[in-house]
There are 2 protein chains.
Amino acid sequence: MTVLSTPASAKRVAVLKALAHPSRLLITEALMSGELCVCDLRDLVGDDVSTVSKHLSILRSAGVLTCEKRGLNVYYSLVCDCFGEFLRCVDQVCALPPVQPSVKINCC
Amino acid sequence: MTVLSTPASAKRVAVLKALAHPSRLLITEALMSGELCVCDLRDLVGDDVSTVSKHLSILRSAGVLTCEKRGLNVYYSLVCDCFGEFLRCVDQVCALPPVQPSVKINCC
DNA sequence: GCCATTCTTGGTTATTTTGCCAAATAATAA
DNA sequence: TTATTATTTGGCAAAATAACCAAGAATGGC
């Protein structure tokens with residue numbers, strides 16, 4: 001990592017890294033419908049609870065998720081309501097087929 | 001990777017992964033001002049050319065960048081004009097301080 | 001108190017990613 | 001042709017990531 005990055009860029013990288021994993025993206029997509037506890041998310045993802053817990057920890061420290069403990073359960077939810085918008089943006093950034101056709105498009 | 005992900009999610013992950021690296025994000029941000037050749041980007045990033053070339057290959061196969069060869073140089077540019085919008089979205093997804101204050105905000 | 005449940009943390013191993021060097025490829029100039 | 005410059009590719013060692021198991025911490029029920 002030879003690059004000297006601004007604090008803003010560093011935070012962006014942390015968010016992108018947090019979301020750049022199939023299970024973590026799935027978790028985040030699921031939370032668009034509302035909060036879920038860890039065991040719900042374990043059922044969704046299908047991994048060991050400890051693995052899911054670590055994924056949640058990564059998403060939390062990136063600032064994407066918050067959590068709240070109620071009784072025995074810990075409920076996770078999205079920090080920001082704009083996640084759907086975000087996903088739409090992701091889809092548009094690479095809207096073209098991955099093979100490089102040297103064409104530019106207007107999206108957004 | 002126990003998760004069964006839809007093709008759409010798989011592509012999203014590929015894009016996010018491609019952008020989730022300091023050098024690659026820096027490269028992409030730089031290309032918002034217009035195309036640059038590999039040696040420009042090597043100067044920007046400060047890594048070995050081979051390293052930069054591999055970063056570019058990752059961004060290209062994720063569908064984020066296109067390239068065009070002119071003479072000895074290969075010029076890279078963004079596939080989509082909406083990258084600024086995308087970055088704004090990234091910033092908003094985690095707009096709160098990374099410590100979890102159990103507060104929700106409206107952004108976007 | 002003790003036990004069951006939920007979640008997190010520590011430790012280990014396997015896999016993936018990163019970044020360098022050296023070599024190969026491509027285009028152009030001499 | 002040979003040399004020069006720009007870029008890509010292969011290979012390797014180091015670093016980071018992922019996923020499991022086992023153990024620990026917190027809560028609630030008995």
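The values are calculated or read from the model by the stated rules, or taken from the named source; none is laboratory data. Note that the structure is predicted; figures quoted are calculated from it, not measured. Please note: Cβ atoms are built from the backbone with ideal geometry, for glycine as well, and neighbour counts cover all protein chains shown. For accessibility, only protein heavy atoms count, side chains too; no ligands or nucleic acids. Shrake-Rupley method; radii C 1.70, N 1.55, O 1.52, S 1.80 Å.
Quick one: in the range A:4-18, which of the residues that are closer than 20 Å to B:GLY46 by Cα and within 14 Å of DNA strand D (Cβ to nearest atom) is modelled with the highest pLDDT?
Once the filter is applied, the top-ranked residue is A:VAL13.
Being within 11 Å of DNA strand C (Cβ to nearest atom), touching a Leu at 6+ places or on another chain (Cβ under 9 Å), part of a helix (DSSP H, G or I) and within 12 Å of another protein chain (Cβ to nearest Cβ): is that true of B:VAL74 here?
no
Within the range A:62-96, take every residue that is of a type in the set (Phe, Trp, Tyr) and over 15 Å from B:GLN92 (Cα atoms) and give me the one that is least open to solvent (accessible area, probe 1.4 Å).
Per the stated criteria, the residue is A:TYR76.
How many of the residues in the range B:77-88 are within 20 Å of A:ALA10 (Cα to Cα), within 7 Å of another protein chain (Cβ to nearest Cβ) and free of Cβ contacts under 8 Å to residues at least 24 places away in the same chain?
Result for the range B:77-88: 2.
If a residue must be touching a residue at least 12 places away in the same chain (Cβ under 8 Å) and either within 15 Å of B:CYS82 (Cα to Cα) or not aliphatic (A, V, I, L, M) (or both), how many such residues does the range B:24-50 contain?
11
What number of residues in the range A:10-28 are closer than 19 Å to B:ARG88 by Cβ and either outside any helix (DSSP H, G or I) or of a type in the set (Lys, Arg) (or both)?
Selection size over the range A:10-28: 4.
In the range A:29-40, which residues are in a helix (DSSP H, G or I) and more than 9 Å from chain B (Cβ to nearest Cβ)?
Selection gives A:ALA30, A:LEU31, A:MET32, A:SER33, A:VAL38, A:CYS39, A:ASP40.
Quick check: is even one residue across the range A:41-61 surrounded by fewer than 17 Cβ atoms within 10 Å (Cβ to Cβ), out of contact with any Asp or Glu (no Cβ under 6 Å at 6 or more places or on another chain), under 28 Å from B:THR28 (Cβ atoms) and within 7 Å of chain B (Cβ to nearest Cβ)?
Yes, the range A:41-61 contains a residue that is surrounded by fewer than 17 Cβ atoms within 10 Å (Cβ to Cβ), out of contact with any Asp or Glu (no Cβ under 6 Å at 6 or more places or on another chain), under 28 Å from B:THR28 (Cβ atoms) and within 7 Å of chain B (Cβ to nearest Cβ).
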